[in-house]
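Peer 1: Please read through the structure below; I'll follow up with questions.
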Amino acid sequence: MRKPRRALFSTAGAAFAAVLGLVVSLAGPTTGTAEAAPTGIRVSGGRVVEADGSDFVMRGVNHAHAWYPDRTGSLADIAAEGANTVRVVLSSGDRWTRTSAAEVSSVIGRCKAAKVICVLEVHDTTGYGEDGAATSLDRAADYWIGVRSALEGQEDYVVVNIGNEPFGNTGYSAWTGATKAAIGKLRGAGIDHALMVDAPNWGQDWSGTMRNNAASVLASDPDRNTIFSIHMYGVYDTAAEVRDYLHAFTDNGLPIVVGEFGDRHSDGNPDEDAIMATARTLGVGYIGWSWSGNGSGVEYLDMVNGFDANSLTGWGNRILNGSDGIAATSRTARVYGGGGGTGGGTAPNGYPYCVDGGSSDPDGDGWGWENNRSCVVRGSAADR
């Protein structure tokens, strides 16, 4: 059933019809659970870290490669604006032209050349159960297995986002089982990358399905290396809604990113200021939708006009250069020689946050030492 006012179609897809999906859980993972070996980007202590254990906080932009495969220069353009992550739209071939293994390799190579982390996603799953053209997470898993050769050895640089907004507002209760099954299929096939899973309800999880089942989904992953992604559009039109949702994960040691959001949308007016400010305060990643090429009435979600990096839109200027924006808070991944970390900021007690997270806190008390002064580890006991 559609929830009044909160149910919506996100329209960033073929004509860019996407407002994203997957489902998360309130209870944190059980103590004593093993975590993934440090083979690349991974989950540790409820946070996303690199192979050396330093925090990696995504500050990124979505790019619709599947519909604009000739716009390969966009990855470098996005990086030049300060982003440390690009979420790249691919197709399994079920709805749009299949992105081949060779093409995936090329995209990864361009991400590495631009020194950004690649979050690769299959878009054909968008709105499954409600949109008859959408395909299942199981089919998306088959695609990833089919292009495994392009992914091998890229764990430091690539996150596999199994499927975009894999359920709409119909049949979304199947999200938990379908997500666990897809994770198990990928792990069984030897895909060891950090996995990202989108929420249902076109990515916005107004039903709380992902929130309420995230802990069990994470526990089902043999590598304990699954990141949850919420898409924030009209459902998140107040600061309280933004804070409550993100805190439901961070307070329970569950890894969360905002995988898509904009400054307005057809289903309501998202509070982008609260999204970006809360993400900074919690050290949570965000990836805005989208660089360019939106159509079907959502052209306002373009960050640049006509893929021209020198022609920022109002939304583009806001997310790239505004308060809590990408330019101010992004740090290049350490694997590329950057400083990693969270982009700084100040804790409620007045001390600066540690840029390198727990790596500067050897005794685990929440207090670190950087730049010849004390700093606070985000989310620790000292972060009060």
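The values are calculated or read from the model by the stated rules, or taken from the named source; none is laboratory data. Here the structure is a predicted model, which means the values were calculated and not measured. Cβ: placed from backbone, ideal geometry, glycine included. Neighbour counts: every protein chain shown.
Peer 1: I'm told residue 48 meets every condition in (1) part of a strand (DSSP E or B); (2) within 24 Å of residue 292 (Cβ to Cβ) except one. Can you identify the failing condition by its number?
Peer 2: Exception for residue 48: condition (2).
Peer 1: So is residue 161 under 28 Å from residue 265 (Cα atoms), under 12 Å from the mean Cα position of the chain (by Cα) and not acidic (Asp, Glu) or not?
Peer 2: Taking the combined requirement at face value, the residue satisfies it.
Peer 1: Please specify each residue of region 222-250 satisfying the condition of being in contact (Cβ under 8 Å) with a residue 40 or more places away in the chain and under 23 Å from residue 45 (Cβ atoms).
Peer 2: 223, 224, 225, 226, 227, 228, 229, 230, 245, 248, 249, 250
Peer 1: Now a separate question. Any idea which of 243, 280, 224 is in a loop (DSSP other than H, G, I, E, B) and either of a type in the set (Asp, Glu) or in contact with a Ser or Thr (Cβ under 7 Å, 6 or more places away or on another chain) (or both)?
Peer 2: Matching residue, one of 243, 280, 224: 224.
Peer 1: Checking the conditions here, which among 238, 281, 250 is in contact with a helix residue (DSSP H, G or I) (Cβ under 7 Å, 6 or more places away or on another chain) and in the same structural domain as residue 326 (by TED's automatic domain parsing)?
Peer 2: On inspection, the qualifying residue turns out to be 250.
Peer 1: Considering only residues that are over 18 Å from residue 42 (Cβ atoms) and modelled with pLDDT of 95 or more, which ones fall in region 332-347?
Peer 2: Within region 332-347, 332 is the sole residue that qualifies.
Peer 1: Sort through 129, 153 and tell me the only one that's part of a loop (DSSP other than H, G, I, E, B), of a type outside the set (D, E, K, R) and in contact (Cβ under 8 Å) with a residue 40 or more places away in the chain. Walk me through how you get there before you give the answer.
Peer 2: Values: 153 fails: in contact (Cβ under 8 Å) with a residue 40 or more places away in the chain.
Going through 129, 153 in turn, just one is part of a loop (DSSP other than H, G, I, E, B), of a type outside the set (D, E, K, R) and in contact (Cβ under 8 Å) with a residue 40 or more places away in the chain: 129.
Peer 1: Could you go through region 113-120 and let me know if any residue there is touching a residue at least 12 places away in the same chain (Cβ under 8 Å), basic (Lys, Arg) and part of a loop (DSSP other than H, G, I, E, B).
Peer 2: yes
Peer 1: Looking at 140, 113, which one is in contact with a strand residue (DSSP E or B) (Cβ under 6 Å, 6 or more places away or on another chain) and not β-branched (Val, Ile, Thr)? Don't jump to the end; show me each part of the working.
Peer 2: On the way: 113 fails: in contact with a strand residue (DSSP E or B) (Cβ under 6 Å, 6 or more places away or on another chain).
Exactly one residue qualifies, and that residue is 140.
Peer 1: Among the residues in region 262-269, are any part of a helix (DSSP H, G or I), small (Gly, Ala, Ser) and either over 15 Å from the mean Cα position of the chain (by Cα) or at pLDDT below 95 (or both)?
Peer 2: Within region 262-269, not a single residue is part of a helix (DSSP H, G or I), small (Gly, Ala, Ser) and either over 15 Å from the mean Cα position of the chain (by Cα) or at pLDDT below 95 (or both).
Peer 1: Just one of the numbered conditions (1) of a type in the set (Gly, Ala, Ser); (2) assigned to a loop (DSSP other than H, G, I, E, B); (3) touching a residue at least 24 places away in the same chain (Cβ under 8 Å) is not true of residue 184; which one?
Peer 2: Answer for residue 184: the failing condition is (2).
Peer 1: Look at region 299-336 and say how many of its residues are assigned to a loop (DSSP other than H, G, I, E, B), out of contact with any Gly (no Cβ under 8 Å at 6 or more places or on another chain) and either surrounded by 14 or more Cβ atoms within 10 Å (Cβ to Cβ) or not assigned by TED's automatic domain parsing to the domain that holds residue 265 (or both).
Peer 2: Matching residues across region 299-336 total 5.
Peer 1: So, in region 70-115, of the ones that are of a type in the set (Asp, Glu) and farther than 12 Å from residue 291 by Cα, which residue ends up surrounded by the fewest Cβ atoms within 10 Å (Cβ to Cβ)?
Peer 2: Per the stated criteria, the residue is 70.
Peer 1: Also: Could you check region 88-127 and list, in sequence order, the residues that are closer than 19 Å to residue 194 by Cβ, touching an Asp or Glu at 6+ places or on another chain (Cβ under 9 Å) and among the charged types (D, E, K, R)?
Peer 2: Correct list: 121 only.
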